[in-house]
Structures are given as C-alpha cells and as structure tokens.
Amino acid sequence: MKKITIYDKKEGENHYSLTAEINEEGNLLLSGVDSGPFVKDYFGDYDYEYWLSIEKEDLSTVLLHLIKERFKTDGEFKEWLKERDIPCKFFSYT
C-alpha cells in the first residue's frame, strides 16, 4: 500500500479531505484539500491545499513513536495488524 485516505467528508457545501502516501522518493506526504464557502470566508479563496512532508530517513522514528502512543501490548498490535490483513511473524521461547 502506498496511499491511504485519512478522511474525506462533506459538511453542507464544504468538503475536507486528507491523504497520506509514500511518494516515489520514499518520503511520507500528507496532502489535504479543503473547499467551500467556509474556506472562502476564512482564507479568501474557495479552496485551500496543503502538504506536510517527512523525509524517508525519519519514517522509522515516526513509526516507532506512533506504535508507542497507540498500543499498550504486543497483542493489541498483532490484533490491529490482523484486522488490516498485514502479515507478521511471532516468535517466543517456551
């Protein structure tokens, strides 16, 4: 998987969307577009586009922090992976 939609919602005449992707250079790119009357009133233009880029060298740091903040146990993490059909291998000494 190289791209995922984080949200895509409409509220009346306003539309908000945000995607995350790994681009061709291997960097993480979050890009969003907000549009509608609310955006025009706030920014003076009908649409507002924005990007956030994280270099590929920093992705492991991002990943490790996200795992730490999201999961309390390896079981929670394994269940999360399973729900998304992401393969993993588990080993232990008994």
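Tell me which of these residue 6 doesn't satisfy, since it passes every other one: (1) of a type in the set (A, V, I, L, M, F, W, C); (2) surrounded by fewer than 14 Cβ atoms within 10 Å (Cβ to Cβ); (3) more than 22 Å from residue 85 (Cβ to Cβ). It fails just one condition, (3). Of all residues in the range 25-36, none satisfies being of a type in the set (Ser, Thr, Tyr) and assigned to a helix (DSSP H, G or I).
So that you can scan it fast, the table gives a plain yes or no per residue for (1) aliphatic (A, V, I, L, M); (2) modelled with pLDDT of 95 or more; (3) surrounded by 13 or more Cβ atoms within 10 Å (Cβ to Cβ):
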residue	(1), (2), (3)
20	yes, yes, yes
40	no, no, yes
50	no, yes, no
54	yes, yes, yes
92	no, no, no
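Scanning the range 62-83 for residues that are closer than 21 Å to residue 26 by Cβ and either exposed (fewer than 10 other Cβ atoms within 10 Å of the Cβ) or out of contact with any strand residue (DSSP E or B) (no Cβ under 9 Å at 6 or more places or on another chain) (or both) returns 63, 64, 65, 66, 67. Being acidic (Asp, Glu) and assigned to a helix (DSSP H, G or I) is the filter; apply it to the range 39-84 and report the residue that is nearest to residue 11 (Cα to Cα). Going through the qualifying residues, I end up with 41.
The residues listed here are 7, 48; of these, the one that is touching a residue at least 12 places away in the same chain (Cβ under 8 Å), touching a Ser or Thr at 6+ places or on another chain (Cβ under 9 Å) and among the hydroxyl-bearing types (Ser, Thr, Tyr) is 48.
The values are calculated or read from the model by the stated rules, or taken from the named source; none is laboratory data. Everything quoted here is computed from the prediction, not taken from an experiment. All Cβ positions, even for glycine, are placed from backbone atoms using ideal geometry, and neighbour counts span all protein chains on display.
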